[in-house]
Amino acid sequence: MKIQQVLLSLEELPKEWYNVIPDLPEPLPPEMDPPERPSRIELSRRITLKPLINQSAQKDRWIDIPEDIRDLWVKVGRPRPLSRATKLERFLKTPAEIYYKREDLSPTGSFKINTAVAQVYYAIREGAERLVSSTAAGQWGAAIAGACGLGGVSCTIYFVRFACETRPYRLIQMLMSGADVRRSPSDKTEVGRRYLKENPNHPGSDPITNSEALEDAIKSVERGEEAAIARGGATNYVVLHQSVIGLEVKKQLEMVEKVPDIMIGCVGSGSNFLGFISPFVKDRLDGKTTTRFIAVQTEAAPSMLKGEYRYDYGDAGKLTPLVKSYTLGIDYKFGHSYAEGLRQHQVSPILGILRKHGVVEALSYEDEAAFEAAKTFYQVEGVLVCPESAYAVKAAVDLALKAKETGKEEVIVVNISGSGFLDLGNYGTTLYKL
């Protein structure tokens, strides 16, 4: 009988996060301030929880995970299964073995809950009464709203207007957790009002929501409120928290005596992908393995394929420090995609270095091709993935078919970052013109 699923016990839940920064091919480029004041670095530090600032600067490879966070992870379904796609293998007639990590099984529907509960834990410890955040596809919004609900912390979320209108159930999910959700651009911030003046029906974008959340948090702190920013991707501490994914996968593959030939994940800013691959990177850099790490983007925002490696802002209002990575430019006009979580102009600096050194490869697709692959995956494996994860599934299918052509018995591992049940409308529009 072939392996169907690899499970970990509660005792095997990681007790330490893995920090990939010490093992990168070169040091991370420092954050920079623009010539004009105020200092963006100082602004960022004022609204970010101190433990998270410290984690971003950590040089230790292993960092203890507080027991309370591990308890919360168990509450939201960790450890999560690693499943083998035996039916997909037979359907494709490929000699490749395909495994997929089930991050879609969290109560809020995605991997984002891993860092959300950690950030709320630190917010409570530091006395923050309100967290302010932004969300593109709504997965992060649902996660931070859910974690704040569990922790009794007030939550304000700026939600990309286009995604808010096309993913109404994500909005309801946030509201049910008690969050104050604002369609972005909103009339609540100077940045939002500026974009609404240009276009009262502006669809919004991830850089705009970032600016609105930052402006809200900055002004709240200036008024003396106990508020802080919560971020769902790109930052060093988020990548650190998400390493739990890859640590579980590493243990699960060791249990079945498999070494991955290919690891695949979708990428907007890169936190789910980096959390998935980071515990495997050192072995590749040390020459112990030849694992290929493949980041999959939407052609609406192919930052690692068409972007430049340079300093850029992370938000439309230019309130963040300048960071160096692959970027399409803060003013880039995104193409259409229902994979809203992938429509981001810039990837994490950590991912930027790995891409620069050729450790990470990149692919891009359009919605229709990705969604067709997701449909096949649902029909064959019975797992409905979110639009973002559809891109990773598409790459896995293509590479499994390539293995069929070459006859190579490769081990392909793909991260399923989220569930697609709240995204059926977008699938219906794209695949069936409903």
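Counting other beta carbons within 10 Å of each Cβ, put Leu24, Leu342 in order, fewest first.
Starting with the residue having the fewest Cβ neighbours, the order is Leu24, Leu342.
Listed here are the pairs Lys2/Lys87; Lys356/Lys408; Lys2/Lys375; Lys112/Lys402; Lys2/Lys93; which of them are more than 20 Å apart at the Cα?
Lys356/Lys408; Lys2/Lys375; Lys112/Lys402
Would you please report the Å³ per residue occupied by the convex hull of the alpha carbon atoms in region 67-134?
Convex hull of Cα atoms, per residue: 114 Å³.
Relative to the first principal axis of the alpha-carbon coordinates of the chain, what is the inclination of helix 113-126, with its axis defined by its Cα atoms, in degrees from 0 to 90 and to the nearest 10?
40 degrees
Over all distinct alpha-carbon pairs, what is the Kirkwood Rh of region 139-256 in angstrom?
15.8 Å
Each label point is 7 Å from the Cα along the Cα-to-Cβ direction; what then is the distance between the points at Asp283 and Glu67, in nm?
In this crude spin-label approximation the distance works out to 3.1 nm.
Counting only helical runs of four or more DSSP H residues, what would the 222 nm mean residue ellipticity of the chain come to if each run contributes -39,500 (n - 2.57) and the total is spread over all its residues?
Calculated mean residue ellipticity at 222 nm is -13500 deg cm²/dmol.
Could you list Leu422, Leu322 so that the one with the fewest beta carbons within 10 Å of its beta carbon is first and the one with the most is last?
Leu322, Leu422
Enter the angle in degrees (range 0 to 90, nearest 10) between the Cα long axis of helix 271-285 and the first principal axis of the Cα atoms of the chain, meaning the one along which they spread out most.
Long axis of 271-285 versus the principal axis of the chain: about 60 degrees.
Treat every Asp and Glu Cβ in region 178-242 as -1 and every Lys and Arg Cβ as +1, leave all other atoms uncharged, and give the resulting dipole magnitude about the Cα centre to the nearest 20 debye.
160 debye
From the phi angles alone, apply the Karplus equation (6.51, -1.76, 1.60; θ = phi - 60°) to region 394-409 and give each ³J(HN,Hα) in whole Hz, x where the residue is Gly or Pro.
Result, rounded to whole Hz: 4, 5, 4, 4, 4, 6, 5, 5, 5, 5, 5, 5, 8, x, 7, 8.
Give the cysteines in the chain for which no other Cys Cβ lies under 4.7 Å away, or write none if there are none.
Within the chain, the cysteines lacking a partner Cβ under 4.7 Å are Cys164, Cys266, Cys386.
Which of the trypsin sites (Lys or Arg not before Pro) across region 45-94 are loop residues per DSSP, with 16 or fewer other Cβ within 10 Å?
Qualifying residues, ordered by number: Lys59, Arg61, Lys93.
Sorting Thr289, Thr406, Thr115 on the 10 Å Cβ count, fewest up front, what's the list?
The order, fewest Cβ neighbours first, is Thr406, Thr289, Thr115.
So how strong a dipole does region 354-434 carry about its Cα centre when Lys and Arg Cβ are +1 and Asp and Glu Cβ are -1, to the nearest 20 debye?
120 debye
Read phi for every residue in region 49-62 and hand back ³J(HN,Hα) as whole Hz from Karplus 6.51 cos²θ - 1.76 cosθ + 1.60, θ = phi - 60°, with x for Gly and Pro.
4, 4, x, 6, 4, 5, 5, 5, 9, 5, 10, 7, 6, 10
Based on alpha-carbon centroids, what's the gap between region 249-293 and region 150-227 in Å, whole number please?
34 Å
What's the extension gain from Met176 to Arg46 if we count 0.36 nm per residue and subtract their Cα-Cα distance?
So the extension gain works out to 43.8 nm.
Under the rule a/c < 1.5 gives rounded, and otherwise a/b versus b/c splits prolate from oblate, where does region 330-407 land using the Cα gyration tensor?
Taking the square roots of the gyration eigenvalues as a ≥ b ≥ c, region 330-407 is oblate.
Between Gly149, Gly138, Gly287, which gets the highest mean-square fluctuation from a Gaussian network model of the chain, Cα cutoff 10 Å?
Gly287
By average Cβ neighbour count within 10 Å, what is the ranking of 387-396, 351-360, 103-112 from highest down?
387-396, 103-112, 351-360
Please report, in debye to the nearest 20, how large the charge dipole of region 180-295 is about its Cα centre when each Lys and Arg carries +1 at its beta carbon and each Asp and Glu carries -1 there.
It comes to approximately 260 debye.
Does anyone have the angle between helix 139-151 and the longest principal axis of the chain? Alpha-carbon axes, 0 to 90°, nearest 10?
It is inclined by approximately 70 degrees.
If you take the charge dipole of the chain about its Cα centre, with +1 on Lys and Arg Cβ and -1 on Asp and Glu Cβ, which of Leu240, Asn114, Leu171 is farthest toward its positive end?
Selected residue: Leu171.
Project the alpha carbons of the chain onto their principal axes and report the range along each, largest first, in whole Å.
Cα extents, longest axis first: 63, 50, 40 Å.
Count neighbours as other Cβ atoms within 10 Å of each site's Cβ, and list the GluC sites (Glu not before Pro) in region 159-268 that are DSSP loop with at most 12 such neighbours.
The qualifying sites are Glu257.
Which shape class, rounded, prolate or oblate, goes with region 26-101 when its Cα gyration tensor gives a ≥ b ≥ c as root eigenvalues, a/c under 1.5 marks rounded, and past that a/b bigger than b/c marks prolate?
It is prolate, given that a/c is not under 1.5 and a/b is the larger ratio.
Quote the relative contact order of the chain in percent (integer), defining contacts as alpha-carbon pairs under 8 Å separated by 6+ residues.
21 percent
Let a ≥ b ≥ c be the square roots of the eigenvalues of the Cα gyration tensor of region 223-315; is it rounded (a/c under 1.5), or, if not, prolate (a/b larger than b/c) or oblate?
Oblate.
So, R0 is 25 Å and r is the distance between the beta-carbons of Lys219 and Glu31; what FRET efficiency does that work out to, to 0.05?
Plugging the Cβ-Cβ distance into 1/(1 + (r/R0)^6) gives 0.70.
Once Lys and Arg get +1 and Asp and Glu get -1 on their Cβ, which of Cys155, Ile416, Ala217 lies farthest toward the positive end of the dipole of the chain?
Going by the charge dipole, the pick is Ile416.
Need one number: % antiparallel among DSSP beta bridges in the chain, to the nearest 5.
That works out to approximately 35 percent antiparallel.
Based on Cα coordinates alone, diagonalise the gyration tensor for region 285-434, multiply each eigenvalue by 5, take square roots, and list the semi-axes in whole Å, largest first.
Whole-Å semi-axes of the equivalent ellipsoid: 27, 23, 11.
Computed from the coordinates by the stated procedures, all read-outs in this text should not be read as laboratory data. Predicted model only: the values in this text are computed from it and were never measured. With ideal geometry, Cβ positions are generated from the backbone for all residues, glycine too; neighbour counts draw on all protein chains shown.
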